[in-house]
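Scroll down for the structure; my scribbles are underneath it.
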Amino acid sequence: MGSASVRVGATSDDDAAMLDAAIAWRRRVLLPRSTARDRWDWLQAALVLYTTLTVPFDICFRTGAVTTLALVLDSITATIALADVLANARTAYVNGHGALETTPSLVWRRYRSGWFAADLVSAMPWDVLVVAMLGLAAADAQLVALARLPRLLRLSLIPRRITRQFTAHAAARTVRVSALVGSWLVVAHWVCCF
């Protein structure tokens, strides 16, 4: 199964989209602009925003033992984040020739050489590991929140996912600039909180 352009022989955009979907289904990869992938990206963005709001709050204001509800919510967030790493490893991409690359080994190689390490570190349930090592009663809420800090690396997902949604270059540049300004505002807010 070599890397071949999936647009060969397509007579229209609809035919090309159907061909892309058929090849992606057969190779068990996700299409980067499919409705399911878009919904998954929005779920990830919501979970990243949840984490962005709760981690600094927990570090600064939570004291005492970790609550079971907080641990369950964080475990669900971590599980979905780990599933996102798997989904990213199976998401096709547009190669340098403008063709949709659906070969699983090439998709994995590209992801592994790019964002895989950062995604994996940020998706790991470090807080659950801390609670497992110390026990629920002994785990301090602030220590557990500190263990969740690597999840804030997932903030880099939001600009990547939103940029993927836009195909026009001007829209993509606008999203990148907005993401940069938003990131600076979040960092400035965190610095002021500490």
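Show the residues, 5+ positions off or on another chain, whose built amide H is closer than 5 Å to the amide H of L30.
T91, A92
Largest first, what is the accessible-area ranking of M124, M133 with a 1.4 Å probe?
M133, M124
Can you give me the solvent accessible area of W40 with a 1.4 Å probe, rounded to the nearest 10 Å²?
Result for W40: roughly 70 Å² accessible.
Compute the distance in nm between two label points, each set 7 Å from the Cα along the Cα-to-Cβ direction, one at L73 and one at F116.
Each label point lies 7 Å from its Cα, and together they span 3.4 nm.
Near I76, within a Cβ-to-Cβ distance under 15 Å, what is the net charge of the other residues, with Lys and Arg +1 and Asp and Glu -1?
0
The values are calculated or read from the model by the stated rules, or taken from the named source; none is laboratory data. It should be emphasised that the depicted structure is a prediction, and the values quoted were computed from it without experimental measurement. For neighbour counting, all protein chains shown are included, and Cβ atoms are generated from backbone atoms with ideal geometry for every residue, glycine included. Ligands, DNA and RNA are stripped out before the accessible areas are found, and what is left, the full protein with its side chains, is counted by its heavy atoms. Shrake-Rupley method; radii C 1.70, N 1.55, O 1.52, S 1.80 Å.
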